[in-house]
Amino acid sequence: MQFEPNLGQTDPQVQFMDRGVRDTVFLTPTEAVLVLPVGEPHPTANPTLNTSPTQHKQVIQLQVIDAYPMAVIRDVEETPTTINRLIGADPTQWQTHVPVYAQVHYDAIYAGIDLLYQGNQQQLEYDFIMPPDADPSAITLGIQGADHATLEKDGHLLLSIQGRTLRLQKPVLSQTVDGRQPPSLAIFSYVIPLQLLPTPPHSGRLCCGHL
């Protein structure tokens, strides 16, 4: 998974995006929008934020509730890959050598808490990074677009979307101690309408799972 900046190829609220083989991810100031195929994909579909389920696509919004909407969003770790987008007959409208990045970093999405998106084995991983004096109870995630949610005994959250199932992996925490990051587990609690509250035992680096 790699992220390209939005240079006008999609909705202007999108800052970065990843076009996978089947799924597409859009990163806006306060949410990650996943466009997922359901059933047989439309052979000519061009997924955007306005893609409709009637086009064999389903939109899932992973919202960072009460996030600071003006957080600085920046690319991290430029990859060797570049994108050339040659659309139309006017060369002045072509986009060439567009860089792509391994991570997208949000500075102070909550007070004292940063957010980092990255790919992890073709899954979207999102990490909340905080110093010891930050308040992790501020972190609340909302999900729109799922038909049903089930919290498994092992802590994973299953989302049912028109016959397809997505697993939101249980949160994992790590804290740097003497140069090491021993992981520990947090838990999800959730309310209806669906909002996820990762409940960590201490501050540090909270990886709220993968989609």
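Observations
- Looking across the range 60-89, the residues that are of a type in the set (Ser, Thr, Tyr) and under 29 Å from PRO37 (Cβ atoms) come down to THR79, THR81, THR82.
- Residue match in the range 191-199 (condition: at pLDDT below 75, part of a loop (DSSP other than H, G, I, E, B), loosely packed, with under 15 Cβ neighbours inside 10 Å and not basic (Lys, Arg)): yes
- Some residue of the range 44-57 being farther than 24 Å from THR140 by Cα, over 18 Å from the mean Cα position of the chain (by Cα), among the basic types (Lys, Arg) and at pLDDT below 95: no
- Check on VAL104, touching a residue at least 12 places away in the same chain (Cβ under 8 Å), of a type in the set (Val, Ile, Thr) and buried (at least 19 other Cβ atoms within 10 Å of the Cβ): yes
- Criterion (among the polar types (S, T, N, Q), over 25 Å from PRO37 (Cα atoms), without any contact (Cβ under 8 Å) to a residue 60 or more places away in the chain and part of a strand (DSSP E or B)) met by exactly one of THR92, THR150, THR96: THR96
- Top-ranked residue of the range 60-88 - restricted to ones that are more than 28 Å from PRO136 (Cα to Cα) and at pLDDT 85 or above, ranked as surrounded by the fewest Cβ atoms within 10 Å (Cβ to Cβ): PRO80
- Test: residue in the range 135-154 that is over 18 Å from the mean Cα position of the chain (by Cα), modelled with pLDDT under 75, within 27 Å of ALA108 (Cβ to Cβ) and loosely packed, with under 15 Cβ neighbours inside 10 Å: no
- Hits in the range 111-134 (condition: part of a strand (DSSP E or B), under 14 Å from the mean Cα position of the chain (by Cα) and in contact (Cβ under 8 Å) with a residue 40 or more places away in the chain): LEU115, LEU116, TYR117, GLN118, GLY119, ASN120, GLN123, LEU124, GLU125, TYR126, ASP127, PHE128
- Test: residue in the range 154-167 that is without any contact (Cβ under 8 Å) to a residue 24 or more places away in the chain, under 19 Å from ALA32 (Cβ atoms) and of a type in the set (Val, Ile, Thr): yes
- Residue in the range 155-176 that is nearest to the chain's Cα centre (by Cα), counting only those that are closer than 19 Å to GLN63 by Cα and charged (D, E, K, R): ARG167
The values are calculated or read from the model by the stated rules, or taken from the named source; none is laboratory data. Fair warning: this is a prediction, and the values are worked out from it, not measured in the lab. Glycine also receives a Cβ, built like all others from the backbone with ideal geometry; neighbour counts cover every protein chain displayed.
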